[in-house]
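> The following block contains the structure, expressed as structure tokens.
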Amino acid sequence: MGGFPILSVMLLVPLLAAVACLFVEAKAARTIALAATLIDLALGVVLWLNFDIGGPQWQFTEHAPLFAGFNYALGIDGIAMLLIVLSVFLMPICILASHSIEKRVSEYMAAFLFMEVLMIGVFAAQDLFLFYMLFEGVLIPMYLIIGIWGGQNRIYAAYKFFLYTLLGSVLMLIAMLWMVNEAGTTDIPTLMQYDFPPAAQTWLWLAFFASFAVKMPMWPVHTWLPDAHVQAPTAGSVILAGVLLKMGGYGFIRFSLPMFPEASAQFVWLIWGLSMAAVVITSLIALVQQDMKKLIAYSSVAHMAIVTVGLFAFNVQGLEGAMIVMLSHGLVSGALFLCVGVIYDRLHTREIDRYGGLAINMPKYALFFLLFTMASIGLPGTSGFVGEFLSLAGIYQANTWVTLVCATGIILGAGYMLYLYWRIAFGVQKNADAAAMPDLSLREWLMLGPIAAAVLWMGVYPESFLAPMRQDIAALDARLSRAAPEGDAHLVAGTPHAEAANAVGGTHDAGHGEAEGAH
């Protein structure tokens, strides 16, 4: 790129557009927002095409000291690059999905553009306190979007969302201050290689866990999510499920695992236990929901639990699977919320029983909805299958019982998603107003079509998504292997992987060999 500061430009474009939106009328604000997000999407494609697979880990780096050890430092690896591309891919779709917003449109568009700045910044930040400011800053526009443009109980949902996520992050800030004092730097890549004392790692890990667990969200601190989704406007739900939930998983990958590997191995039982509970409990809750958004929100908690077990499988396949599940869930859950928004705009209700037989009068809509339903279940050929297969293959190497419990999530997922689809798309048309709804408009085609293509692309050719991050996953796996013998404490005696772990030095070499063979 010849030193071109592409990351700064990607931050500057939506920031300037957000300011411009505040001074123009509604129609102009929509145009500016769509143009800015499309420009950032184009820059995201340039970023991906110019990313050097096999090159240095950190690319497109920028650094400028600001004050008192605080630095403006940006840079990405393959993991961050893919999450940035996911963010800029979903943003124009969110702008298109916001046509039903009629009050204070200029402020709404400015809030979304400002949120895009913060999301890209979170994934690109290489300074600890810059990351913290951006990570917490995302709460503000999302809080406003839910609280101003949300549903009937929007104030309650907005406060619950804000307080839950803010409370955990206070502990993380205290931990960051201690880390900087101990290591003498705020540089994230340096801290990822720094060996903190094992005794201190325990407390640091717990402090970061308090923030990331709420953000994911993990069971039982997930209760803010259904309320936030139900009350948020359609585009707010899309970006919340598509990108904001991924910040918790990104936090585990960027901070908890590489910076505190011994503590991560020590607390793996906690992660596994909470994840297994999430898969089973939230899936059963999803089965009995009558509100479409609530059902998809609970399914998100179950899917993100597959991410956490993959991350804490401590092998390459689990880590790669967790990343693919995050990318796939970002696309599929966002698309499902768009599908809800399409029919909500027509009938203004999310109650499942108010619909039925939509495949008759909305066949194109029913086809898209079917594709995203199957991707959520994990049908081979879709993005959902790739991620869940890799995650479960990774956790199987560590513990068979955890794998069995988590695999029930796929069965239960098929239950609640197919039950949802059957009640909406098939059956007898009981309500004349639902039977009279028109099929997809051009704008709705432009919303759902690109996501459908991406879901199939990831399902048919996942290597294009795995290749950019493979080097970074291998580096993280090597870092985790240095936690041995404590790092092997998570292996349960009697499993094939545990027996292999008796020879500590050969544990991760074996894992690497298996992973290479799989690839």
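The values are calculated or read from the model by the stated rules, or taken from the named source; none is laboratory data. Here the structure is a predicted model, which is why all the values come from computation and not from measurement. In this analysis, Cβ positions are derived from the backbone assuming ideal geometry, glycine residues included, and neighbour counts consider all displayed protein chains. Quick note on the areas: whole protein, heavy atoms, side chains included, nothing else; ligands and nucleic acids left out. Shrake-Rupley method; radii C 1.70, N 1.55, O 1.52, S 1.80 Å.
> Once the Cα atoms of helix 78-96 and of the chain are each reduced to a long axis, what angle between those two axes, in degrees from 0 to 90 to the nearest 10, is obtained?
10 degrees
> Under a plain spin-label model, where a point goes 7 Å from the Cα along Cα-to-Cβ, how far apart in nm are E25 and I155?
So the two model labels end up 3.2 nm from each other.
> Also, quick follow-up: If packing is taken as the average number of other Cβ atoms within 10 Å across a peptide's residues, how do 338-344, 417-423 rank, most packed first?
Packing proxy ranking, top to bottom: 338-344, 417-423.
> While we're looking at this one, here's another question. Which of T37, L404, F196 sits closest to the plus end of the dipole of the chain, meaning its Cα is farthest towards the positive end, when Lys and Arg get +1 and Asp and Glu get -1 on the C-beta?
So the residue furthest toward the plus end is T37.
> Just to confirm the number: angle between the C-alpha axis of helix 400-425 and the first principal axis of the chain, 0 to 90 degrees, nearest 10?
Orientation of helix 400-425: about 10 degrees from the principal axis.
> Take the alpha-carbon centre of the stretch 373-432, take the same for the stretch 124-158, and report the distance between them in whole Å.
Centre-to-centre (Cα) distance: 30 Å.
> Go through K246/K364; K27/K364; K160/K293; K160/K294; K27/K103 and tell me which ones have a Cα-Cα distance over 20 Å in this structure.
Pairs exceeding 20 Å: K246/K364; K27/K364.
> Calculated from DSSP H runs of 4 or more alone, at -39500 (n - 2.57) each and per residue, what is the 222 nm mean residue ellipticity of the chain, nearest 500?
The per-residue figure over the chain is -23500 deg cm²/dmol.
> Put +1 on the Cβ of each Lys and Arg and -1 on the Cβ of each Asp and Glu in the stretch 1-141; which of C94, V138, Y72 then has its Cα farthest toward the positive end of the dipole?
C94
> List the residues whose amide H sits under 5 Å from the amide H of V138, counting only those 5 or more places along or on another chain, with H placed 1.01 Å from N in the peptide plane.
none
> Still on this structure, please answer the following. Which value, in debye to the nearest 20, describes the size of the charge dipole of the chain about its Cα centre when Lys and Arg Cβ atoms bear +1, Asp and Glu Cβ atoms bear -1, and nothing else is charged?
1620 debye
> From the backbone phi of the stretch 245-256, what are the Karplus-calculated ³J(HN,Hα) couplings (6.51 cos²θ - 1.76 cosθ + 1.60, θ = phi - 60°) in whole Hz, Gly and Pro given as x?
Values, residue by residue: 5, 6, 5, x, x, 4, x, 4, 5, 8, 10, 4 Hz.
> Helix 316-347 against the longest principal axis of the chain: what's the angle in degrees, Cα atoms only, rounded to the nearest 10?
Between the helix axis and the principal axis of the chain, the angle is about 10 degrees.
> Using only Cα positions of the stretch 204-260, each an equal point scatterer, no hydration layer, compute I(q)/I(0) via Debye at q = 0.14 Å⁻¹ and quote the log10 values to two decimals.
-0.40
> Another question about this same structure. Over the stretch 225-330, average the accessible area per residue using a 1.4 Å probe and give it in Å², no decimals.
Each residue of the stretch 225-330 exposes 14 Å² on average to a 1.4 Å probe.
> Ignoring GluC sites (Glu not before Pro) that are buried or in helix or strand per DSSP, and keeping those with at most 11 other beta carbon atoms within 10 Å, what is the longest stretch of the chain between them?
Here the longest run is 103-519.
> Could you calculate the contour length gain from M133 to T61, that is, 0.36 nm times the residue separation minus the distance between their Cα atoms, to one decimal place in nm?
Full-extension gain reported as 24.0 nm.
> Turning to a different aspect of this structure: Would you mind telling me the share, in percent, of accessible area of the stretch 311-387 contributed by carbon and sulfur at probe 1.4 angstrom?
Roughly 65 percent of what the probe reaches on the stretch 311-387 is carbon or sulfur.
> What nm value, rounded to one decimal, do you get for the distance between W457 and W203 when each label is placed 7 Å out toward the C-beta?
Between W457 and W203, the label points sit 4.7 nm apart.
> Could you check the spin-label model distance between S100 and T408? Points 7 Å from the Cα along Cα→Cβ, value in nm.
3.6 nm
> Compute the accessible area per residue over the stretch 60-140, keeping the other protein chains in place, probe 1.4 Å, unit Å².
Heavy-atom accessible area per residue stands at 28 Å².
> Using a 1.4 angstrom probe on heavy atoms only, work out the carbon and sulfur share of the accessible area of the stretch 17-65 in %.
Of all accessible area on the stretch 17-65, carbon and sulfur atoms account for 70 percent.
> Continuing with this model, one more query. Could you please state how large a percent of the accessible area of the stretch 95-219 is carbon and sulfur, counting protein chains only and using a 1.4 Å probe?
67 percent
> Separate question: Taking 1 over the mean of 1/r across every pair of different Cα atoms in the chain, what Kirkwood radius in Å do you get?
Across the chain, the inverse of the average 1/r is 23.1 Å.
> What FRET efficiency, computed as 1/(1 + (r/R0)^6) with R0 = 51 Å and r the Cβ-Cβ distance, is obtained for I174 and W401, rounded to the nearest 0.05?
About 0.90, to the nearest 0.05.
> Please identify which residues in the stretch 377-392 have an amide N closer than 20 Å to a label point set 7 Å out from the Cα of L287, following the Cα→Cβ vector.
Answer for the stretch 377-392: 377-379.
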